[in-house]
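**Student:** Quick one: the structure is below, questions incoming.
The values are calculated or read from the model by the stated rules, or taken from the named source; none is laboratory data. Keep in mind that what you see is a predicted model, and the values were worked out from it rather than measured. Here the Cβ positions follow ideal geometry from the backbone for every residue, glycine too, while neighbour counts run over all protein chains shown. Quick note on the areas: whole protein, heavy atoms, side chains included, nothing else; ligands and nucleic acids left out. Shrake-Rupley method; radii C 1.70, N 1.55, O 1.52, S 1.80 Å.
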Amino acid sequence: MSSRSTSVIPGFGLTLGYTLVYLSLLVLIPLGALFLKTTELSWAQFIAIVSAPRVLAALKLSFGTAFAAAVLNGVIGTLLAWVLVRYRFPGRKIIEAMIDLPFALPTAVAGIALTALYAPNGPIGQLATDLGFKIAYSPLGITLALTFVTLPFVVRTLQPVLADIPREVEEAAACLGARPLQVVRHVLLPALLPAWLTGFALAFARGVGEYGSVIFIAGNMPMKTEILPLLIMVKLDQYDYAGATAIGVLMLTVSFILLLAINLLQRRIAHG
Amino acid sequence: MSIEVRDVNKRFGQFQALQAIDLHIQSGELVALLGPSGCGKTSLLRIIAGLETPDSGSIVLHGEDVSSRDVRDRNVGFVFQHYALFRHMTVFDNVAFGLRMKPKKLRPSEAVIAAKVHELLNLVQLDWLADRYPEQLSGGQRQRIALARALAVEPEVLLLDEPFGALDAKVRKELRRWLARLHEDVHLTSVFVTHDQEEAMEVADRIVVMNKGVIEQIGTPAQVYANPASEFVYHFLGDANRLQLDEQRSVLFRPHEVRLSREPQADFLAGEVHGIRPLGALTRVTLRLAGHHEPIEAEVGHDHPGLVGLGRGERLYFQPVPSAQAQPSAG
């Protein structure tokens, strides 16, 4: 076929080419190199590394805490977005600006600050110790750090969507007899769900890869509070590059599968 | 179901939105709240629905004071200007919403709900769209779905806030005629808000003309048009010419309340033809008068003998024959 299809929007070839080059240089080639480096290992060696008990424990911890933090932010972030969009109160602009601070703050600073607060000798950690549990140096502390670092994702993805739902829609539901909880359950949440899943996925993915803030508060005890990124650093310190990339490949694969699943779920929801 | 509004006042900050509103609407009536934007008509409608609380006064539905009752328990159907359909639900689910939200004991079975929804969709002639989403519909279709949704819970009163305001002129006309016919069939006490006098005249049994938070006049379309209670009502219900006779006296008349002649006649005034606009059955002639700022607009039948061969700049004689004069208002 020689006929050229013409589109109203020009530059499809140019923009696609640019996208592919850009994506290749920044994402695909580095990731490809990661996989390539792993091939220095034999299949048996690879399996041995990624199925080591220490690695599996760290895998469980990393994904578990990232998931918990994403769920926690899914709730807190939704409430924050709701308050910021629906109500006008003094200091709203300040809170609005503060939401993004976790992104601006060096994660190590966040980690040190949280540790100082939640360590057994810190002001809040002391309280927890008196009540008989530990925050810092436990999975709980890691979840806390991840919740802090990933806070903006859910808030920022929900805000525009929430602002876009007219008040009238809630009033219409009320006129039809819906109670406040029914309005939330049947009108607001379904309308927010696709955006909420996006925010959740972003927070989750960021939490899995987070390093700086976690290593301070985690305590890094092997088998107990050691996250996967730290394990990679440990391998690198021992000049075990192939071993480090093997763990990297493991993380990437699991993350990719989970994010793909979230994406598919989102599509199903969006198409009714 | 009758509606009574008793001495309702509402203030938003410094702004007095409604002042001592008293209104009685008979069971089965179709009433228009007519007025310019900011006159308080929408606030009044929202207060009747229970979406807004008055500062003082009460709302009585069918002899029962519902002032302290929540919008959920007033059993009113409300139709919004911008439809307010649930975007993530199909047309079917939108209409079924009210029935599905009922408490378990009162909730009909899904089979009964489905039958009811299809019955309503047939009533608004859109049953074939049941599986579509609101964004796939035109504005007129969306508003009819919103109406079906409001009717699903069998409200005793139907309230419509500028229901045709977001539609284009042709659809608007079709839909308001359709609403008037529907009201004849269903006979539900209905109140609709509009700023369009033509819409109010064409659809309503009675018109409530509002201005600046007070009711200027209540009456049938014929009454308010023929016997306007104030100059405001007179001006709001149609185009008007004001002709200054001398320092004190002036006369108000509508464009069609005029006689035209090519020859000078007793009691006729002279004007210069400034424009001629054929409008279908009528033709509008704009006249400029010496010493007058405002031009006079006259509308006569397109076959009026005075129009034959008439051109711009020619001299034309006219006589105002006003049929209605605004009663000077008390103020």
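**Student:** Could you check which residue among B:VAL308, B:VAL224, B:VAL95 shows the biggest mean-square fluctuation in a GNM of chain B with a 10 Å Cα cutoff?
**Tutor:** B:VAL308
**Student:** Taking the alpha-carbon set of the stretch A:60-165, what are its Rg and Dmax in Å?
**Tutor:** Values for the stretch A:60-165 (Cα only, Rg and Dmax): 15.4, 46 Å.
**Student:** If A:ASP164, B:ASP70 are ordered by their accessible area, calculated over protein heavy atoms with a 1.4 Å probe, which sequence runs from highest to lowest?
**Tutor:** Details: A:ASP164 95, B:ASP70 65 Å².
I get A:ASP164, B:ASP70, largest accessible area first.
**Student:** May I ask for the accessible area buried between chains A and B, both sides summed, probe 1.4 Å, to the nearest 100 Å²?
**Tutor:** Rounded to the nearest hundred, the buried surface is 1900 Å².
**Student:** Also: For B:88-101, what's the mean count of beta carbons from other chains sitting within 10 Å of each residue's beta carbon?
**Tutor:** 4
**Student:** Along each of the three principal axes of the Cα atoms of the stretch B:115-175, give the extent in whole Å, ordering the values from largest to smallest.
**Tutor:** Projected onto its principal axes, the Cα set of the stretch B:115-175 covers 34, 28, 18 Å.
**Student:** Looking at the square roots a ≥ b ≥ c of the eigenvalues of the Cα gyration tensor of the protein assembly as shown, which shape do they give, rounded for a/c under 1.5, prolate if a/b is larger than b/c, or oblate?
**Tutor:** Values: a/c = 2.79, a/b = 2.24, b/c = 1.24.
Prolate, since a/c reaches 1.5 and a/b exceeds b/c.
**Student:** Moving to a separate point now. Which ³J(HN,Hα) values in Hz, rounded to whole numbers, follow from the phi angles of the stretch B:2-10 under the Karplus curve 6.51 cos²θ - 1.76 cosθ + 1.60, where θ = phi - 60° and Gly and Pro get x?
**Tutor:** With the stated coefficients, the stretch B:2-10 comes to 8, 10, 10, 10, 10, 6, 7, 10, 8 Hz.
**Student:** Continuing with this model, one more query. Using a Förster radius of 35 Å, what is the FRET efficiency between A:MET223 and A:LEU36 based on their Cβ-Cβ separation? Nearest 0.05, please.
**Tutor:** 0.70
**Student:** Taking GluC sites (Glu not before Pro) as exposed when DSSP calls them loop (any state but H, G, I, E, B) and at most 13 other Cβ atoms lie within 10 Å, what is the longest stretch of chain B free of them, the sites themselves excluded?
**Tutor:** So the longest stretch without any such site is B:1-246.
**Student:** Still on this structure, please answer the following. Can you sort B:TRP178, B:TRP128, A:TRP43, A:TRP196 by solvent-accessible area, 1.4 Å probe, largest first?
**Tutor:** A:TRP43, B:TRP128, A:TRP196, B:TRP178
**Student:** Same structure, new question: Would you mind checking B:LYS41/B:LYS170; A:LYS134/A:LYS235; A:LYS37/A:LYS60; B:LYS10/B:LYS212; A:LYS134/A:LYS224 for any pair whose Cα atoms are more than 18 angstrom apart?
**Tutor:** B:LYS41/B:LYS170; A:LYS134/A:LYS235; A:LYS37/A:LYS60
**Student:** For the stretch A:161-176, state which residues have at least 40 Å² less accessible area in the presence of all protein chains than in their chain by itself, taking the probe as 1.4 Å and leaving out ligands, DNA and RNA.
**Tutor:** A:GLU168, A:VAL169, A:GLU171, A:ALA172, A:ALA174, A:CYS175, A:LEU176
**Student:** Also, quick follow-up: Can you give the longest run of chain A that contains no trypsin sites (Lys or Arg not before Pro) sitting in a DSSP loop with at most 10 other Cβ atoms inside 10 Å?
**Tutor:** On the way: sites that count: A:ARG4, A:ARG88.
That would be A:89-272.
**Student:** Could you work out the Rg to Rh ratio of the stretch A:208-249, with Rh taken as the Kirkwood radius (inverse of the mean 1/r over all Cα pairs)?
**Tutor:** Numbers: Rg = 10.2 Å, Rh = 10.5 Å.
We get a ratio of 0.97 for the stretch A:208-249.
**Student:** Which percentage, to the nearest 5, of the DSSP beta bridges contained in chain B is antiparallel? Walk me through the intermediate numbers first.
**Tutor:** Details: 43 of 61 bridges.
Bridges in chain B that DSSP calls antiparallel: roughly 70 percent.
**Student:** Looking only at other chains, what is the average number of their beta-carbon atoms within 10 angstrom of each beta-carbon in A:188-201?
**Tutor:** Neighbouring Cβ atoms belonging to other protein chains average 1 per residue here.
**Student:** Now for a different question. Where the only charges are on Cβ atoms (+1 Lys, Arg; -1 Asp, Glu), what is the dipole of the protein assembly as shown about its Cα centre, to the nearest 20 debye?
**Tutor:** So the magnitude is around 2040 debye.
**Student:** State the percent of C-alpha pairs, over all pairs in the stretch B:69-142, separated by a distance greater than 15 angstrom.
**Tutor:** When every Cα pair of the stretch B:69-142 is considered, 60 percent fall beyond 15 Å.
**Student:** Moving on. Considering only C-alpha atoms, what is the centroid distance from the stretch A:148-193 to the stretch A:35-106, in Å?
**Tutor:** 24
**Student:** Using θ = phi - 60° and the Karplus curve 6.51 cos²θ - 1.76 cosθ + 1.60, what whole-Hz ³J(HN,Hα) does each residue of the stretch B:137-152 get, with Gly and Pro shown as x?
**Tutor:** 9, 7, x, x, 5, 4, 5, 5, 5, 4, 5, 4, 4, 5, 6, 4
**Student:** Roughly to the nearest percent, how much of the accessible area of the stretch B:158-255 is carbon and sulfur, given a 1.4 Å probe?
**Tutor:** On the way: 2050 of 4380 Å².
Here carbon and sulfur together make up 47 percent of the probe-accessible area.
**Student:** Connecting C-alpha atoms closer than 10 Å in a GNM of chain A, tell me which of A:PRO139, A:PRO152, A:PRO53 has the biggest fluctuation.
**Tutor:** Looking only at A:PRO139, A:PRO152, A:PRO53, the biggest GNM fluctuation is shown by A:PRO53.
**Student:** Next up: For the protein assembly as shown, what does the accessible surface come to per residue with a 1.4 Å probe? Please give it in Å².
**Tutor:** Using a 1.4 Å probe on heavy atoms only, each residue of the protein assembly as shown averages 52 Å².
**Student:** List, in order, the whole-Hz ³J(HN,Hα) value for each residue of the stretch B:91-99 obtained from phi through the Karplus relation with A = 6.51, B = -1.76, C = 1.60 and θ = phi - 60°; use x for Gly and Pro.
**Tutor:** The phi angles translate into 3, 4, 5, 4, 5, 6, 3, x, 5 Hz.
**Student:** Non-local amide H neighbours of B:ASN241 (under 5 Å, H modeled in plane, Pro and chain starts lacking H): which ones?
**Tutor:** Those qualifying (amide H under 5 Å, at least 5 residues apart or on another chain) are B:PHE253, B:ARG254.
**Student:** Here is a follow-up. How compact and how long is the stretch B:1-160, expressed as Rg and Dmax of its alpha-carbon atoms in Å?
**Tutor:** Rg then Dmax for the stretch B:1-160, in Å: 17.1, 52.
**Student:** Now for a separate question. If I build a Gaussian network model for chain A, linking alpha-carbon pairs within less than 10 angstrom, which residue out of A:LEU16, A:LEU36, A:LEU181 has the largest mean-square fluctuation?
**Tutor:** Its mean-square fluctuation being the largest, the pick is A:LEU16.
**Student:** Something else: How high is the FRET efficiency from B:GLN223 to A:ILE9, r the C-beta distance, R0 45 Å, rounded to 0.05?
**Tutor:** Efficiency, from the Cβ-Cβ distance: 0.20.
**Student:** Turning to a different aspect of this structure: Can you give the Rg to Rh ratio of chain A, both from alpha-carbon atoms, with Rh computed by the Kirkwood formula?
**Tutor:** 1.05
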